[in-house]
1. Sort A:5-11, B:101-107 by packing, meaning the average of other beta carbons within 10 Å per residue, with the highest value first.
2. Taking the number of other C-beta atoms within 10 Å as the exposure measure, put B:182, A:96 in order starting with the fewest.
3. Across the residues of A:46-59, average count of Cβ atoms on other protein chains within 10 Å?
4. Report the relative contact order of chain B, percent, no decimals, based on alpha-carbon pairs under 8 angstrom and at least 6 residues apart.
5. Roughly how many Å is it from the Cα centre of the range B:127-153 to that of the range B:41-74, as a whole number?
6. Please rank B:92, A:88, fewest neighbouring Cβ atoms within 10 Å first, as an exposure proxy.
7. What is the mean number of Cβ atoms from other protein chains located within 10 Å of the Cβ atom of each residue in peptide B:129-138, rounded to a whole number?
8. Can you bin the protein assembly as shown into rounded, prolate or oblate? Criterion: square roots of the alpha carbon gyration tensor eigenvalues sorted a ≥ b ≥ c, rounded for a/c under 1.5, prolate for a/b above b/c, oblate for the rest.
C-alpha cells in the first residue's frame, strides 16, 4: 500500500535517529534492514537512495533521505503527533535543524578525518572551525528545555541525536549543557522503544 | 518594530541566497551590512549569531541563521508567497534542502580544503565522497522543472544557489543537468533584483 511507511535502515547507522522519530509519530511502518557494502550498494536500493546510505523512507510513492529531512517530513506529514511548531513559529526549529545537519555535521566529520581548518580559510568554510561551532550549538540547548519552543519536537530528535551520539563517541565534548539536555530528551518511551528494537537487531558476537 | 524583518548580510557572502529569498517573499526588510573580521565578529553581532557569520534574520524578536533555515523559515512565515509545498507534500522539499545543506556543503567545503575521504572512511562519513554526492544531486534536478513538485519553492532558492555558486566558482562540475536547471530557475525577477542590490553594494576597486 502506498500509504505504508517503508523504512530502510541498519541498526548500526543513523537510521536510529529515523527510528526514534518513527516511534514518536506512532504510525505503523515496515522495516527493511540493509547491510553495508552489499544490499546498501545494490541497484534496488540505489534506486531509492543513489548515495547508497541509510536511512531512507518510502511513503505515498515518494522517497525521503537524510536523517533531518526524515524528521521534518514525518512531523509535517503527521501533524496530529504534535512534533513541529506552528508555521509562524519555526525560527529555532529550522535554525537548529539546519545547523546540526550542516555546520555541526561538517565539523564533526572533519574532526574524525583529522582535518583542521586553517585560520585563513575559516571565512570561506561554512562551519568556520569546530570550537566556534560547538560553542554555538550550546546556545541551542542552554537555558531551555527544548530546541524549539516549550515542547518536544522533531528538532529535538535530530539535534538531540547529533549531541547524544557525539557525547557517546567522543566527537562532541561533554559540556554540562549537552549532558543535561541529552539526559532530559532521551528520557522518553519512544526513544527507549526505538533503542530496544535496534539493539535487538545488532549482529551478535561471532556471527 | 518587532514585525520588521531585519537582514544581516554582506554582499560577498551567502547572504545573497537569503536576499533572493527575501525578494521572492516580497515583504519589506531592513538590511544591515556587516564586514568580515570587524563588525561580523563584534559583540553586538555575536549576540545575534555566535558563529560570527552571515546571513542572519531577526523577525518578531527571534533570530534565524543558516541560509537553508532562512529560506524554509520565510516560506512558512509568509505562506501567501506560495514558496513551500503543502505540509503533506514535503518529501522532495526537505530531502533536497537538507541534502544541499549537509552532504553537498560538506563535500564542497572539503574539496576546497583539498580533503579527500579515504575509501575505508566513506561508510562513517556522512557524504561518502564528492563524486557520489554530486551524482545524487543530479537526481534532484534531472527530468523536472523544480526541486519540489510542479512549482518554484524555497528549495529552488537554496539548492539552486548551491548549484549556481558551485558552477560559478568551479566547486561543482558543469553537468548539463545543473546548467539547464540553473538557467531556468535564475531567470526570475526576484533573482535579478537581489543580484542588482548586492552588486551595487560590492566594494569598488581601490576603495
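1. B:101-107, A:5-11
2. Ascending number of Cβ neighbours within 10 Å: B:182, A:96.
3. Working: counts 3, 1, 0, 3, 8, 12, 5, 9, 0, 0, 1, 2, 1, 2.
Averaged over the peptide's residues, the number is 3.
4. Working: 259 pairs, mean separation 47.4, N = 207.
It rounds to 23 percent for chain B.
5. Here the answer is 27 Å between Cα centres.
6. Details: B:92 24, A:88 13.
Ranking B:92, A:88 by Cβ neighbours within 10 Å, fewest first, gives A:88, B:92.
7. Values: counts 1, 0, 0, 5, 2, 0, 3, 7, 2, 1.
Other-chain Cβ atoms within 10 Å of each residue's Cβ, averaged: 2.
8. Values: a/c = 1.40, a/b = 1.33, b/c = 1.06.
Rounded, since a/c falls under 1.5.
Each reported figure results from applying straightforward, stated rules to the coordinates on display, with no laboratory input. This is a predicted model, so every value here is computed, not measured. Please note: Cβ atoms are built from the backbone with ideal geometry, for glycine as well, and neighbour counts cover all protein chains shown.
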